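None of the figures in this text is laboratory data; all of them are computed from the coordinates on show. No experiment lies behind these values; they were computed from the predicted model shown. Cβ sites come from the backbone with ideal geometry, for glycine too, and all protein chains shown count toward neighbours.
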Amino acid sequence: MASDDDFELYETEADKVKAATTAASAAAADIEGGDNSTHVAGAQLRSYLERIERMEEEKAAIAADIREIYAEAKGNGFDTKIVRAVVKIRKQDANEREEQRALTELYLSAIGLN
């Protein structure tokens, strides 16, 4: 595989890109070429990568939708910091919530705020 030092021999960015593309093509040929097991491993890897990329796209879309919901809540007068805290609390089971509440009360009491 080519290192950054290998690309210092090139004078223009276009030459660097061409060299990098050639190196990437050679690496891809190594994965796909040769014996059948290497070809299968390359195809399997490509499948994993494509699935991950699709899920990343979906995750980004969902994150954008969630941001829109928080913006809508803010537009209707809700404090989004508190809304986020409530969402976090709702994710916890009852025992976890009770433990956190008790510790919060204990800590507040220890510093004289309770």
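Taking the criterion of being polar (S, T, N, Q) and assigned to a helix (DSSP H, G or I), the residues of the stretch 74-100 that qualify are Thr80, Asn95, Gln100.
Considering only the stretch 78-114, state which residues are of a type in the set (Lys, Arg) and within 20 Å of Glu68 (Cβ to Cβ). If you could, list the steps in order and put the result at the bottom.
Keep residues of the stretch 78-114 that are of a type in the set (Lys, Arg), which gives 81, 84, 88, 90-91, 97, 101.
Hits for the stretch 78-114 are Lys81, Arg84, Lys88, Arg90.
Within the stretch 78-91, residues that are among the aliphatic types (A, V, I, L, M) have Cβ atoms under 7 Å from residues that are assigned to a helix (DSSP H, G or I) in these pairs: Val83/Tyr70; Val83/Ala73; Ile89/Arg97, counting only partners at least 6 apart in sequence or on another chain.
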